[in-house]
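Here is the structure we will look at.
The values are calculated or read from the model by the stated rules, or taken from the named source; none is laboratory data. Nothing here was measured: the structure is a model prediction, and the numbers come from that model. Quick reminder, even Gly has a Cβ in these numbers, built from the backbone with ideal geometry, and neighbours come from all protein chains shown. Just the protein is used for accessible areas: all its heavy atoms, side chains included, with ligands, DNA and RNA removed. Shrake-Rupley method; radii C 1.70, N 1.55, O 1.52, S 1.80 Å.
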Amino acid sequence: MTSHTRELLMSGRRGEAAALFGFAVQQWPDDSTAHNNLGFCLILDDPARALSHLTTAARQGYEPLVINIYNRVCCHVGLRQPRAALEVAEEFWQTRPPDWNDPGSGTLWLRSGETWELALEADARRALLDLLLDTARAQGWHDDEERWSARLARS
């Protein structure tokens, strides 16, 4: 199902992709991957609903966590909640799991200017740090910008 939904997403058919994972969530409500994937499909069109599914996935133990955090940050950016985006990431940064050395690769929405593009096998850790740095910079939050810039330089 994942490869089919990836094809749907690549052809711009996000609603159809979301419907497939919506069905999966109905069938298996305790499946963290189904919630995470449904949330991912909804990020661009309904970030509030996406955030709800992504938060559920995190509570259910979705791994790799860095991908879930990245997706949740994307939702907050889409909802124009930059402070919440940085707070979600900061909490993760302070309590990140031992597998942090594994950057976590997967299909992500990467922001390019004002648009989002689907990226296959993207480095989630690098994408997260880049998005946080851009978010802090756009808000003129110099302390946050310096903190995320330093973390990016160390990664």
**Message:** For the condition in a helix (DSSP H, G or I), of a type outside the set (Lys, Arg) and closer than 30 Å to Trp28 by Cα, what is the one hit in Ala136, Ala84?
**Reply:** Ala84
**Request:** Being part of a helix (DSSP H, G or I) and open to solvent by 70 Å² or more (accessible area, probe 1.4 Å) is the filter here, so list the residues in region 115-133 that pass it.
**Result:** Arg126
**Message:** I'd like to know if region 60-72 contains one or more residues that are within 11 Å of the chain's Cα centre (by Cα) and among the charged types (D, E, K, R).
**Reply:** yes
**Asked** Among the residues of region 12-30, which ones are of a type in the set (Phe, Trp, Tyr), part of a helix (DSSP H, G or I) and more than 19 Å from the chain's Cα centre (by Cα)?
**Response** Phe23
**Request:** May I ask you to say which residue of Thr107, Thr135 is of a type in the set (Val, Ile, Thr) and more than 11 Å from the chain's Cα centre (by Cα)?
**Result:** Thr135
**Request:** Of the numbered conditions (1) of a type in the set (S, T, N, Q); (2) touching a strand residue (DSSP E or B) at 6+ places or on another chain (Cβ under 8 Å); (3) modelled with pLDDT of 90 or more, Ser105 fails exactly one; give the number of that condition.
**Result:** (3)
**Complete:** So, first residue more than 12 Å from Arg14 (Cβ to Cβ) in region 40-63, second residue in a loop (DSSP other than H, G, I, E, B) and open to solvent by less than 40 Å² (accessible area, probe 1.4 Å), Cβ within less than 9 Å, six or more apart or across chains; the pairs are Leu51/Ile43; Leu54/Ile43; Leu54/Tyr62; Thr56/Tyr62; Glu63/Pro97; Glu63/Gly104
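Condition check ((1) within 30 Å of His142 (Cα to Cα); (2) open to solvent by 70 Å² or more (accessible area, probe 1.4 Å)) across all residues:
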residue: Arg6; (1), (2): no, yes
residue: Gln27; (1), (2): no, yes
residue: Asn37; (1), (2): no, no
residue: Leu51; (1), (2): yes, no
residue: Leu54; (1), (2): yes, no
residue: Cys75; (1), (2): yes, no
residue: Ala84; (1), (2): yes, no
**Asked** Does Thr33 fit the bill of being of a type outside the set (Gly, Ala, Ser) and loosely packed, with under 14 Cβ neighbours inside 10 Å?
**Response** no
**Item:** Test result for Gly104, on the phi > 0 side of the Ramachandran plot, of a type in the set (Gly, Ala, Ser) and loosely packed, with under 14 Cβ neighbours inside 10 Å
**Value:** no
